[in-house]
Amino acid sequence: MAKSKKMNEVRFARIVKELNAVGEFILTKQNEKQSVMNSFDVERARYAKGRISETALASSSKKVNSELLKLDKAIRDTIVKVGEVSARAKAFAVMQSPKVFRASVSGIKLISGSRKKTKNKAKKKVRKSGKKKK
């Protein structure tokens with residue numbers, strides 16, 4: 001009896017779960033970045049109202065810049081991880097390519113290999129003589 005391929009659902013679910021977790025991590029880091037920028041806007045408003053000094057704002061801006069750089073690096077690293085996980089998912093999906101079966105009166109048969117039709121391309125004639133045509 002002929003059997004078709006069956007996908008390992010548990011393994012694929014693990015890959016999808018990991019991809020989802022990595023996506024959530026990116027979202028979390030983006031939210032952290034927005035929070036840091038919002039808090040700096042509040043600091044700038046306090047400076048504009050004269051509640052904090054310029055040196056305090058400059059110190060705060062250095063801290064905010066370093067924090068933004070760390071968050072950007074974490075987001076970029078996570079994006080690379082998304083690429084790796086999605087490549088694994090694609091490789092897993094490619095392994096699921098179907099076997100080719102043919103049904104006939106005698107039964108179902110597995111056809112070995114794929115049957116691709118090759119096209120015969122017309123070849124250009126190459127002139128061997130060095131004479132130029134007038």
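Coordinate-derived values only; no laboratory data. Just so it is clear, the structure is predicted and the values come from calculations on it, not from any experiment. All Cβ positions, glycine included, derive from the backbone under ideal geometry; neighbour counts span all protein chains shown.
Below is a table of values for the structure above.
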quantity	calculated
Surrounding net charge for VAL82, when Lys and Arg each add one and Asp and Glu each subtract one, Cβ distance under 13 Å	+1
Lys/Arg +1, Asp/Glu -1 at C-beta; segment 36-80 dipole; positive extreme among VAL80, SER61, ALA45	ALA45
Segment LYS109-LYS63, length gained on full extension (0.36 nm per residue, minus Cα span)	9.7 nm
Above-threshold pairs, the threshold being 18 Å between Cα atoms, out of LYS17/LYS73; LYS6/LYS81; LYS33/LYS70; LYS3/LYS90; LYS49/LYS70	LYS17/LYS73; LYS6/LYS81; LYS3/LYS90; LYS49/LYS70
